[in-house]
Every structure is written in C-alpha cells, then in structure tokens.
Amino acid sequence: MEVLIVNESKHAVPRKFITGWMKDLSKELEKRRVLKAAHRDQELTLVFLDKKPAQKINREFRGKDYATDVLSFDSMDPASFGELVLCPEVLKRQAQEHGLTYQQELGYMLLHGVLHLLGYDHETNEKDAREMFGLQDAVFEKLLKKVSA
C-alpha cells in the first residue's frame, strides 16, 4: 500500500515512522487475512489537519461538533484504498491520557482508521465493537513489539 501524506496542520508529521508503521501494518493484516493482496497497489491518503478544520469535517460528515482523532473516508477510485483525516492536537492529548508516545498513539489510530476502511465498525453494536477492538489491540501489541525491538 502506497501512503500519500498531506500535512495541512501546524505540527510536524513523523513521515519515516508512518512509512515504516504502515508497511508493517499492511504485512500483519495480510498475514491475518484481513487485508487482501490487491490492496498492495492501492494508495492510502493521510491528511493531517488542525483542530478547527478537523472539527468542521467531523460536524459535516458525522454530525459531531468536536475535533476527533481520526476520520475514515472510502474512495470510489479503484486505485485508492481511502483517506484518513487525523488531528495531531487530539492525538497528542490522547497520547498523554493513554500513557503512550505521540507516535504510538498515531500508530494506534492509523490502525483504527485502516480497520474502518476495511469495513470494521465499533459503533453499530457490541459484538462488532469487540471484534474490531480485539483485532486492533492484538495487531497493535504485535507491531509495538516490532517497533521496540
């Protein structure tokens, strides 16, 4: 999966980390048969926004009037895997709340967004939420060990 990074925020984006994380994430999801090999040739766009524009998009598309960590958007273009919109300010706050580094929180939310693009949903019912978060946590733990090694 090719990753296109668009930074429209005031915050620096750890591009090298993102590239490595997404490579490892793709491999792990393929190994678990969650991500199809066909996705390798698709492009994932990551857009980083400051709080106000992130809040506006969340309000417009989800009816929620606050900046959120990640929003997932499917694409009609067969060459595109989709788009994730991330807000560094929210990610930094959440990282502190969760006792993680910024990069760890970013990695967790990239994984979360990719799972949404693959059709996983935690807002529909408890069973789907358990399935999504179980997979998300297992993959995250595995990737964290790899990054820490």
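Please treat every number below as a calculation from the coordinates, not as lab data. As the structure is a computational prediction, the values presented were derived from the model and not from experiment. All Cβ positions, glycine included, derive from the backbone under ideal geometry; neighbour counts span all protein chains shown.
Restrict the search to segment 1-77; then list the trypsin sites (Lys or Arg not before Pro) that DSSP places in a loop and that have at most 15 other Cβ atoms within 10 Å of their Cβ.
Answer by residue number: Lys10, Arg32, Arg33, Lys36, Lys64.
Are there chymotrypsin sites (Phe, Trp or Tyr not before Pro) in segment 23-129 that DSSP marks as loop and that have at most 15 other Cβ atoms within 10 Å, and which are they? Can you show the working numbers first?
Working: sites: Phe48, Phe61, Tyr66, Phe73, Phe81, Tyr102, Tyr108, Tyr120; in loops: Tyr66, Tyr120.
Filter output for segment 23-129: Tyr66.
Of the labelled options (i) 34.9, 110; (ii) 15.1, 47; (iii) 14.6, 41, which one gives Rg and Dmax of the Cα atoms in Å as computed for this structure?
(iii)
From the alpha carbon gyration tensor of segment 76-149, can you work out the equivalent ellipsoid semi-axes (sqrt of 5 times each eigenvalue) and give them in Å, largest to smallest?
Working: eigenvalues 88, 53, 38 Å².
For segment 76-149, the semi-axes come out at 21, 16, 14 Å.
Please list, by residue number, every one of the GluC sites (Glu not before Pro) in segment 95-148 that is coil in DSSP and has at most 15 other beta-carbon atoms within 10 Å.
Numbers: sites: Glu97, Glu105, Glu123, Glu126, Glu131, Glu141; in loops: Glu123.
Here the GluC sites (Glu not before Pro) that fit, given the DSSP loop and packing criteria, are Glu123.
Dipole of segment 2-148 (Lys/Arg Cβ +1, Asp/Glu Cβ -1, origin at the Cα centre): which of Phe133, Gly82, Thr101 lies farthest to the positive side?
Thr101
What whole-number distance in Å separates the alpha-carbon centres of segment 1-24 and segment 68-106?
Here the two parts' Cα centres lie 10 Å apart.
Rounding to the nearest 20 debye, state how big the charge dipole of segment 2-148 is about its Cα centre with +1 on each Lys and Arg Cβ and -1 on each Asp and Glu Cβ.
Working: 23 positive and 24 negative charges, 93 e Å.
About 440 debye.
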